[in-house]
Amino acid sequence: MKIATIAMLCHAVNAAYCLSQGDESQPSWEDAPQWQKDSAMLGVEMHLNNPDASPEQSHESWYAQKEAEGWKYGEVKDAEKKEHPCFLPYAELPDAQKAKDYLFKAVVHLVKNLHETDEITELSAQIVQLQSQKEQLQGNLNNFKQSLAVSQGTQSAAAGAVTGVRVKYQGNKAEYQERLYSSNLTFTYGQVRSVPAELAKKLLKHPEFIIDEETGVAASDAAVDNTAQTLRQSQKENKEADTDKERDLDAIDQIRQMTDKDSLVQYAMLNFGQKMAKNLSVEKMQEKVINLIDTIGVSKE
């Protein structure tokens, strides 16, 4: 049986398994990028050449290939950045990820001796097509649920409510702090937080977060709901950081307009306590003061 056909079947089974875990990121075989197809075919070749290889050895082979291609660990799979959440030693993988290696090996050895016939190829294509249709329907349903929840959260915010959209964290980490969107909210596995609609829309782009469909207030919310307080503090800190950056940029513009050495010497001493040699050129003195501003920042006083 051709390696590509086995790889296609492995990919379809893996996609179905991911969907059962709430991960809708796996495309159909036809839509999969070439690097993903190549990775699947390399995995098939490894098991065909090493029939006694364990799931752990399968992952090690995948890891070595990814490392050779320049991949690294990342919380979200990103082909452009070459980041993958499974780029970890096998022992550190969640059980849900280890299961994929068992499934992959089982599929390879189940179908490796089947003859390559038009009927089998057609059946494989039908499996992929049905899987793709299922994913599309599931995706449309989830998108509708998310849009409805975000819409309701927006309406609640407009009416002065404090609830927003309930999102649930289901990532691989026991504790995760959201920094990508500067909210600084900390989530434990399974925790539900009610967040503003705009933040919910961003978080729900990642498979680690889902809409919480349960009614009532989650125990994790009721215990200590510091969401609003954390968001206010983050907003304050971001605003202060923007103000500091603007102050530094104004100072740099001021330095670039200084052409008097005495003024530059005085500025460095008063603001940073740094002595500046007058035998340097004006351009070099400006560069040194600007480096101090970039490194230390201008005093707020």
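The values are calculated or read from the model by the stated rules, or taken from the named source; none is laboratory data. Quick caveat: nothing in here was measured; it's all calculated off a predicted structure. We place every Cβ from the backbone using ideal geometry, glycine too, and count neighbours over all the protein chains shown.
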Pairs needed: first member in the stretch 197-210, closer than 15 Å to Val76 by Cβ and assigned by TED's automatic domain parsing to the domain that holds Tyr169; second member anywhere, in a helix (DSSP H, G or I) and modelled with pLDDT under 85; C-beta distance under 6 Å; at least 6 residues apart or different chains. Leu204/Gln146
Considering residues that are of a type in the set (A, V, I, L, M, F, W, C), surrounded by 15 or more Cβ atoms within 10 Å (Cβ to Cβ) and free of Cβ contacts under 8 Å to residues at least 24 places away in the same chain, the number found within the stretch 263-286 is 3
Considering only the stretch 32-45, I want to know if a residue exists there that is assigned to a helix (DSSP H, G or I) and more than 26 Å from the chain's Cα centre (by Cα). yes
Would you please list the contacts, defined by Cβ atoms under 6 Å and residues six or more apart or on different chains, that run from a residue in the stretch 236-262 that is assigned to a helix (DSSP H, G or I) and of a type in the set (Lys, Arg) to a residue that is modelled with pLDDT under 85 and surrounded by 11 or more Cβ atoms within 10 Å (Cβ to Cβ)? Arg247/Val298
Residue ID - modelled with the lowest pLDDT, chosen from residues in the stretch 270-295 that are of a type in the set (S, T, N, Q) and within 35 Å of the chain's Cα centre (by Cα): Thr295
Can you confirm whether Tyr267 is of a type in the set (Ser, Thr, Tyr), in the same structural domain as Lys168 (by TED's automatic domain parsing) and at pLDDT 85 or above? no
Can you name every residue in the stretch 239-256 that is among the acidic types (Asp, Glu), under 14 Å from Thr295 (Cα atoms) and under 29 Å from the mean Cα position of the chain (by Cα)? Asp244
On the given criteria, is Ala96 in the same structural domain as Ala15 (by TED's automatic domain parsing), hydrophobic (A, V, I, L, M, F, W, C), loosely packed, with under 15 Cβ neighbours inside 10 Å and over 16 Å from Ile3 (Cα atoms)? yes
Restricting the stretch 133-188 to residues that are surrounded by 18 or more Cβ atoms within 10 Å (Cβ to Cβ) and at pLDDT below 70, the residue that is nearest to Gln229 (Cα to Cα): Gly153
